[in-house]
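Each remark here refers to the structure printed beneath this line.
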Amino acid sequence: MSKILVVDDSAFDQRLATSILEKSPDYDVTNASDGQVALHLVTDQSFDLVITDLNMPALSGLELIRELQKTHPDLPTIVMTAFGSEATAMYALQAGAYGYVPKHHLQEELTAIVETVLSTTIHQRQEEEFLCAVEKQAITLKLPNERRRIVPTIAFLQKLMNGMGLFKGPKATHLGVALTEALSNAIIHGNLEVSSELRTRDDDSYGDLIEQRRMMEPYADRRVTVDVQLDVNAAVFTISDEGPGFDIASLPDPHNPENLLRPSGRGLTLMHAFLDEVAYNEKGNEVTLRMNVSEKETSEAPNVAAHSEVATPENVLV
């Protein structure tokens, strides 16, 4: 059973988040009314995840995340965002938060992001116990249009990176979140040509159209190709779909925090927040993601070459 700490000074939001999580028998939920109380609880008890509001008295959510990064760097955090707190949410992600969920979408999204973060962090700890290090890895994957294939694909890629000692803690999970967004975009918006705007409807049209097109021509035979290059300097992923592409000039500003709460553009905003480079080709059906390895990570990696380079494709930066 995973122990989760929910931190929020709003009794209503605290109860709502707790009630959603307690629907699962796998979660044991504890509450805290502000960041200061949360720090005391984390000191006295062991938790697997902290979910925190941003605007709180005594100690804000952003301050809580920064303190936990110092005292409990392996404890993952998720922030709950409200309208008007988009910029602070971006700072929280950059400070080490593993993800976020808009408060007005708690019912729809909280359980999914909790499952993603917990499965990713648990997987990281397990793999670090037995994987052997490699110096350099290049691999190409070809995926069908099935969202259920995303999690095992990322787990496989993280196994390779863990073995090389490339990324640890929040940085590894940030990369996992970015890859999830990029693969989802390639499958849903690229190959299946389903618009994010359907998510704003108060019905099941978004999910229904995805399932319909998975079985229809010309969408059914399209595939997503993932080219991976890993070495001591960086992890580079080039993700291509077989859809018609799109005008990259029409993309929302990925550096605008307000896009965190939009159904369209959220994934791109997260990718830019977490990665060192995000680049699209001119057609708009291929994106290259790059995360550099820090000097500290390189020095801790076992049996890696002293010098190696990964070529970056000549793409259009967005």
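Contact map, the stretch 196-223: first residue farther than 16 Å from R147 by Cβ, second residue not basic (K, R), Cβ cut-off under 8 Å, separation 6 or more or different chains; pairs are E197/P263; E197/S264; T200/P263; S205/L198. Looking at the stretch 35-46, can you tell me whether even one residue there is farther than 30 Å from R199 by Cβ, outside any helix (DSSP H, G or I), of a type outside the set (F, W, Y) and open to solvent by 30 Å² or more (accessible area, probe 1.4 Å)? Yes - at least one qualifying residue is present in the stretch 35-46.
To keep it simple, each residue is scored yes or no on (1) closer than 19 Å to T153 by Cβ; (2) touching an Asp or Glu at 6+ places or on another chain (Cβ under 7 Å); (3) open to solvent by 50 Å² or more (accessible area, probe 1.4 Å).
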site	(1), (2), (3)
S195	no, no, yes
D203	no, no, yes
Y206	no, no, no
V226	yes, no, no
L230	yes, no, no
V236	yes, no, no
E242	yes, no, yes
G245	no, no, no
N285	yes, yes, no
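Screening the stretch 1-31 for residues that are among the small types (G, A, S) and at pLDDT 95 or above and picking the one that is most open to solvent (accessible area, probe 1.4 Å) gives S19. Scanning the stretch 129-187 for residues that are polar (S, T, N, Q) and at pLDDT 90 or above, we see that the one that is nearest to V224 (Cα to Cα) is N145.
Yes/no per residue for (1) within 20 Å of L275 (Cβ to Cβ); (2) aromatic (F, W, Y); (3) touching a helix residue (DSSP H, G or I) at 6+ places or on another chain (Cβ under 7 Å):
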position	(1), (2), (3)
F156	yes, yes, no
N162	yes, no, yes
H174	yes, no, yes
E211	no, no, no
P218	no, no, no
D221	no, no, no
T225	yes, no, no
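Quick check, is E86 at pLDDT 90 or above, within 21 Å of P257 (Cβ to Cβ), crowded, with 16+ Cβ neighbours inside 10 Å and among the acidic types (D, E)? No: the conditions fail for E86.
The values are calculated or read from the model by the stated rules, or taken from the named source; none is laboratory data. From a predicted model like this one, the values you see are computed outputs, not experimental measurements. Cβ sites come from the backbone with ideal geometry, for glycine too, and all protein chains shown count toward neighbours. Keep in mind that these areas ignore ligands, DNA and RNA; they rest on the heavy atoms of the full protein, side chains included. Shrake-Rupley method; radii C 1.70, N 1.55, O 1.52, S 1.80 Å.
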